[in-house]
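Working notes, structure below.
The values are calculated or read from the model by the stated rules, or taken from the named source; none is laboratory data. In this text, all values refer to a predicted model and were calculated from it rather than measured experimentally. Neighbour counts are summed over all protein chains in view; Cβ atoms, including those assigned to glycine, are modelled from backbone coordinates with ideal geometry.
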Amino acid sequence: MKASDLFVKCLEAEGVERIYGVPGEENADFMMSLQDSSIEFVLTRHEQGAAFMAEVYGRLTGKVGVCLGTLGPGATNLITGVADGNMDRAPMLVLTGQGALTRQHKESHQVMNVVEMYKPVTKWSTAINAASNIPEIVHKAVKLATAEKPGACHIELAEDVAATQTDERPMRAARVRRPVPGDDVIDQVWDRLRSAKTPLIIAGNGAIRTRASAQLRQFCEATGIGALMTFMGKGALDLEDPRCLFTVGMGQRDYPQLAIDAADLILTVGFDPVEYGPEKWNSGCGADIIHMDFAPAESDKYYQPSIEVVGDVAHGLSMLNARAERDGAPRYDLASQTKLRERMQSEFAEHAQDRTTGSIRPQKAVADVRAVLGPDDIVLSGVGAHKMWIARHYQCHAPGTCLISNGFCSMGMPLPGAIAAKHACPDAKVLAVVGDADVMMNVQEMETASRLGSDITVLVWEDKAYGLIAWKQEQEFGEHTDLSFTNPDWMQLCDALDWQGQRCDNAEELQSALQRALDHRGPSMVVIPIDYRENMKLTERLGKITETF
C-alpha cells in the first residue's frame, strides 16, 4: 500500500475517529487515503480553529484530538492552538505536511524546519523520513500524547514519503498502566494528615482526569477536608458538596487565600503550576505542602513539598480512602473553610437578581448561564475579563463541564472549541462565553458551525475593548491606554452565516434569551452589553480584605 494509506490505517488502529484541519498540496496523498477511511475529516476555516477543536476534543474524551495542516503557513497557523492544548494538558496529535525530502536541504518554496519549531510546544515532534517508520512513529506519538501528563505530539509527513510503497502494517494499540504510589509514602501522608489541625486541599487539572475526581470526592466526604479548585480543576467536587470551596486562581488576593493562610497543611492533588503559580498563594514560602500528582513537583522556591506522592492520582487517593475507612476521620477545625464557602456563596448571589437595562453585570450573566444549564452541560470560556468572572463565579457539578484556557491562556478557543465539544459530548448542551475580542480571533469558524449544523450557543460579552488589559492597566497605573475597537453588526453577521441571533440589553430578559438559544437546533448567538465597571469595583473590594478566617 501507499505510505499515506498505512498512515491512515495506523490512526484507525489507535482509535482515531475524527481529524480537524485545513489540507494543502503536500497533504494530497494523505487526504485521498482518508477518503476510504472510517475517520471523519472536519474541514475548518483556519488551522488555529482546527487545533482548538482538537484540544477540546482531547480534554473532554481523554483520547487524542487530531488536527492537520500543510507545510509552512499551515503549520505556523496551527501552533498557537497546539501550544494552548499542550499546556492545558490535552492529548493531541498534530499532523503537518512537508516538501519533498529532495528539496529540504536547500532554500525552497514554503519549506521551513517545522519539527524544530514544534519542539517547545509539544511532548514530541518528529518527521517521517521512511514509510517503514510510520507504524512505530504513530504508535509512539499516541502513547506519549495520552500518557500523564497528556499533551501534544507532532508528526510531519513529507509529500514524497507519503507517495511511496510499503509492506508494513499498523502496530497494535497499547495503553500503559500508570505506576502507583507505594504504601510507605501513603502511610507518611496519612500520618501527617492525622496530626494536622486545619488541612486544606488544592485540586488542579490532574484531579479531574483518570477517575481521580470520584476518589477525591470520597476522600473529602470521609475526612471533611475542603478543597479549592483551580480554573482547570473545576468540577472535581460538586458545587453543592459542603466540602467544595470553589475556585482559586485570581491574580490578586481573594477570599480563598484566607483559607490557605489558615491551613496548617496543604494537600495538592493534580496541581499544575502553569495554572496558578505557587508564588501567588505561598509568597512567604511557609506553607507545609504534600504534593500528589502523576509527576514529581516542579522545582520552585515557593513550592517545596515535605512529601511527594508520585503516581496515579486516583489510586493514591483510593489508598488514603482505605486508611480513612480503617482509622476513621481525624478531628479537624475547619471553621475557616465553612466561612469561606459562606462568603463565596454570598458573592455569587450578589446581583444574581439584577433588573438593569442598557448593560448587564458580569455576576448576573454568569448566574443566568448556570441557571439554564444542567449538571452535565458544558461551558467554554475564552480569555479576557469574562474569563475572570467565569473562573470566580461559575461553579460546576461535574468534571469537564467548564473548560477555560488557562495554562497557555490563548484567546480564540471557545467558538471552535464548542464545535468539538458537541462532537465529544453530543448529549450535552454546549455554551461558549466569549468577549467580543475573543470571538473575533476565530470568527471564521461560524461558517464551520453553520455548515456542520453544530448545536451550540455563543454568548458574547460586548464592551468594544480589550477589557482584561484595561482592567490590569488600571489596577497598576490608575488608567489604561486606548484599547477600544469596533464590532460587526452581530445580527447581520448571524444572518449572513445562518446562525440564530439575539441581542439582549435587559438583565431581566437574559435567562429567557439564553433558553431560546439553547432550545434552537443549530448554532445560536446571544450578544449582551457587559458592565465592566464591576471589574474595578471587585478589585477595590478585594483590596480592602483585612479579615482572617
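Summary of values
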| read-out | value |
| --- | --- |
| From the options ALA100, ALA131, residue that is touching a residue at least 24 places away in the same chain (Cβ under 8 Å) and touching a Ser or Thr at 6+ places or on another chain (Cβ under 7 Å) | ALA131 |
| Residue among GLU445, GLU462 that alone is closer than 30 Å to GLU17 by Cα, touching a residue at least 40 places away in the same chain (Cβ under 8 Å), touching a Pro at 6+ places or on another chain (Cβ under 7 Å) and among the acidic types (Asp, Glu) | GLU445 |
| Complete set of residues in the stretch 359-386 that are closer than 15 Å to ASN535 by Cα and not in a loop (DSSP other than H, G, I, E, B) | ILE360, PRO362, GLN363, LYS364, ALA365, VAL366, ALA385, HIS386 |
| For TYR332: the one exception among (1) within 18 Å of ALA207 (Cβ to Cβ); (2) in a loop (DSSP other than H, G, I, E, B) | (1) |
| Residues located in the stretch 356-381, provided they are at pLDDT 95 or above and either outside the structural domain of ILE530 (by TED's automatic domain parsing) or β-branched (Val, Ile, Thr) (or both) | ILE360, VAL366, VAL369, VAL372, ILE378, VAL379 |
| Scope the stretch 38-63; condition within 14 Å of the chain's Cα centre (by Cα) and either of a type in the set (A, V, I, L, M) or surrounded by fewer than 24 Cβ atoms within 10 Å (Cβ to Cβ) (or both); matching residues | ALA51, MET53, ALA54, VAL56, LEU60, THR61, GLY62 |
| Test: residue in the stretch 512-519 that is at pLDDT 95 or above, in contact with a strand residue (DSSP E or B) (Cβ under 8 Å, 6 or more places away or on another chain), polar (S, T, N, Q) and at negative phi | no |
| Test: ASP498 is on the phi > 0 side of the Ramachandran plot and either surrounded by fewer than 14 Cβ atoms within 10 Å (Cβ to Cβ) or touching a residue at least 12 places away in the same chain (Cβ under 8 Å) (or both) | yes |
| Subset of the stretch 473-495 [without any contact (Cβ under 8 Å) to a residue 12 or more places away in the chain, in a helix (DSSP H, G or I) and surrounded by 14 or more Cβ atoms within 10 Å (Cβ to Cβ)] | GLN473 |
| Of all residues making up the stretch 14-37, the number that are more than 28 Å from ILE404 (Cβ to Cβ), of a type in the set (Ser, Thr, Tyr) and buried (at least 19 other Cβ atoms within 10 Å of the Cβ) | 1 |
| Inter-residue pairs, beta-carbon under 6 Å, first of a type in the set (Val, Ile, Thr) and in the stretch 66-83, second part of a strand (DSSP E or B), 6+ apart | VAL66/ILE19; VAL66/LEU93; THR70/GLY97; VAL82/VAL94; VAL82/ALA152 |
| Hits in the stretch 102-120 - residues which are surrounded by fewer than 16 Cβ atoms within 10 Å (Cβ to Cβ), over 29 Å from the mean Cα position of the chain (by Cα) and not polar (S, T, N, Q) | ARG103, HIS105, LYS106, GLU107, HIS109 |
| Failed item in (1) modelled with pLDDT under 95; (2) of a type outside the set (Phe, Trp, Tyr); (3) touching a Gly at 6+ places or on another chain (Cβ under 9 Å), with CYS220 passing the rest | (1) |
| Those strands (runs of 3 or more DSSP E) lying entirely in the stretch 1-77 with at least 2 residues in contact with a Lys or Arg (Cβ under 9 Å, 6 or more places away or on another chain) and farther than 30 Å from ASN205 by Cβ | none |
| Residue list for the stretch 121-159, restricted to those being more than 22 Å from VAL176 (Cα to Cα) and either surrounded by fewer than 18 Cβ atoms within 10 Å (Cβ to Cβ) or out of contact with any helix residue (DSSP H, G or I) (no Cβ under 9 Å at 6 or more places or on another chain) (or both) | ASN129, ALA130, SER132 |
| Residue match in the stretch 386-399 (condition: touching a residue at least 60 places away in the same chain (Cβ under 8 Å), farther than 25 Å from PRO278 by Cα and crowded, with 21+ Cβ neighbours inside 10 Å) | no |
| Selection status of LEU452, closer than 29 Å to LEU78 by Cβ and either surrounded by fewer than 19 Cβ atoms within 10 Å (Cβ to Cβ) or not hydroxyl-bearing (Ser, Thr, Tyr) (or both) | yes |
| Which listed residue, of GLN353, GLN304, is of a type outside the set (D, E, K, R), modelled with pLDDT of 95 or more and over 30 Å from LYS422 (Cβ atoms) | GLN304 |
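Okay, residues lined up against (1) aliphatic (A, V, I, L, M); (2) in contact with a helix residue (DSSP H, G or I) (Cβ under 9 Å, 6 or more places away or on another chain); (3) touching a residue at least 12 places away in the same chain (Cβ under 8 Å); (4) over 26 Å from ALA207 (Cβ atoms):
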residue	(1), (2), (3), (4)
THR401	no, no, yes, no
SER410	no, yes, yes, no
PRO414	no, yes, yes, no
GLY417	no, yes, yes, no
HIS423	no, yes, yes, no
GLY435	no, yes, yes, yes
ALA449	yes, yes, yes, yes
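Residues checked against (1) in a loop (DSSP other than H, G, I, E, B); (2) farther than 21 Å from LEU43 by Cβ; (3) touching a Ser or Thr at 6+ places or on another chain (Cβ under 6 Å):
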{"site": "ILE419", "(1), (2), (3)": "no, no, yes"}
{"site": "PRO426", "(1), (2), (3)": "yes, no, no"}
{"site": "LEU431", "(1), (2), (3)": "no, yes, yes"}
{"site": "ASP438", "(1), (2), (3)": "no, yes, no"}
{"site": "VAL443", "(1), (2), (3)": "yes, no, no"}
